[in-house]
1. Take region 29-44 and flag every residue that is open to solvent by less than 80 Å² (accessible area, probe 1.4 Å) and within 16 Å of A10 (Cβ to Cβ).
2. In region 71-111, how many residues are of a type in the set (F, W, Y) and part of a loop (DSSP other than H, G, I, E, B)?
3. Just for region 64-93: of the residues that are among the hydrophobic types (A, V, I, L, M, F, W, C) and open to solvent by less than 60 Å² (accessible area, probe 1.4 Å), which one is nearest to L105 (Cα to Cα)?
Amino acid sequence: MLDTLLLHTAPRGRVLICGAMSSGYTDVRLQGPTNYMRICTHQLTVRGILLFFYADRLAEGAAQLGAWVREGRLHVAEEVVEGFERAPALLPTMFSGKQPGKLLLKVADPE
């Protein structure tokens, strides 16, 4: 994905790399992009980020994201499946890439 992204960045663009969750569940070694010189030729900025570096601002970030969703400025793609008994069948689908967005399992209504 990073190889493709680098081909479509504007000169002096910015690339943010946030973790690598999908690689944490396999034995596959990640390789760097084959067209990494695009970073140089287009003067790109590449920065890594982990959520834990901003632990003191999580509440602020959650509030801002929630406001943007309510205002319609940010669209959230969710698939909600109801019933705890369906959890075992859903587990293998989490990293299959079939559906975009978040897969949520609704166990019960909040009290």
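1. The answer is N35, R38, I39, H42, L44.
2. Count: 1.
3. Going through the qualifying residues, I end up with V81.
The values are calculated or read from the model by the stated rules, or taken from the named source; none is laboratory data. All of these numbers come straight from a predicted model, not from anything done at the bench. Using ideal geometry, Cβ is built from the backbone for each residue, glycine included, and neighbour counts are taken over all protein chains shown. Side chains included, ligands, DNA and RNA excluded: accessible areas come from the protein's heavy atoms. Shrake-Rupley method; radii C 1.70, N 1.55, O 1.52, S 1.80 Å.
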